[in-house]
Amino acid sequence: MKAFRLDELEAERAANDGAYLQFLRERNMSVGLYALDAGDQDPQQPHQQDEVYLVVSGRGSITVGMETTQVARGSVVYVPAGVAHKFHHISEDLRVLVVFSPPES
């Protein structure tokens, strides 16, 4: 079993000065913590993998393809591989669990 605590993952991510911390990588999936502070610009480009976002804290919007929705704690968003997507209008620091399948390359 592998078990993680969000507060420890956030501390590790912050200590490494990065917006993204991959903390689990297995044969069929990878999982990371993505952080965008209020007012940040999301630099993402489309990925080659399907992904699921689970917002653990914060508030903002996400556009996937031509659709936009607001997100906050508890929001779950699926993004198909190859589709353009970005978080924006981030009004509270976002912390998001990201699941890639297959694993992010």
Could you tell me whether any residue of the stretch 49-58 is free of Cβ contacts under 8 Å to residues at least 40 places away in the same chain and more than 16 Å from residue 104 (Cβ to Cβ)? yes
Residue check, residue 57 against (1) out of contact with any helix residue (DSSP H, G or I) (no Cβ under 9 Å at 6 or more places or on another chain); (2) farther than 19 Å from residue 24 by Cβ; (3) of a type outside the set (Phe, Trp, Tyr), all met but one. Which one? (1)
Pull up the stretch 25-44, narrow it to residues that are among the hydrophobic types (A, V, I, L, M, F, W, C) and open to solvent by less than 30 Å² (accessible area, probe 1.4 Å), then point me to the one that is nearest to residue 99 (Cα to Cα). 31
Over the stretch 80-105, the set of residues open to solvent by less than 70 Å² (accessible area, probe 1.4 Å) and either in contact (Cβ under 8 Å) with a residue 60 or more places away in the chain or within 15 Å of residue 32 (Cα to Cα) (or both) is 94, 95, 96, 97, 98, 99, 100, 101, 103, 104
Tally the residues that are open to solvent by 40 Å² or more (accessible area, probe 1.4 Å) and touching a strand residue (DSSP E or B) at 6+ places or on another chain (Cβ under 8 Å), restricting the search to the stretch 45-61. 6
Looking only at the stretch 64-73, decide whether some residue is within 18 Å of residue 105 (Cα to Cα) and either modelled with pLDDT under 95 or out of contact with any Cys (no Cβ under 8 Å at 6 or more places or on another chain) (or both). no
Give 24, 54 a once-over and let me know the one that is more than 13 Å from the chain's Cα centre (by Cα) and closer than 20 Å to residue 12 by Cβ. 24
Restrict the check to the stretch 13-21 and report whether at least one residue is open to solvent by 80 Å² or more (accessible area, probe 1.4 Å), among the charged types (D, E, K, R), at pLDDT below 95 and out of contact with any Cys (no Cβ under 6 Å at 6 or more places or on another chain). yes
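So for the stretch 42-60 (the condition being of a type in the set (Asp, Glu) and at pLDDT below 95), does at least one residue qualify?
Within the stretch 42-60 (the criterion being of a type in the set (Asp, Glu) and at pLDDT below 95), the answer is no, since none of the residues qualifies.
The values are calculated or read from the model by the stated rules, or taken from the named source; none is laboratory data. On a predicted model such as this, the values are computed, not experimentally measured, just so you know. Counting neighbours? That spans all protein chains shown, and the Cβs are built from the backbone with ideal geometry, glycine included. We work out accessible area using only protein heavy atoms, side chains counted, and drop any ligands, DNA or RNA first. Shrake-Rupley method; radii C 1.70, N 1.55, O 1.52, S 1.80 Å.
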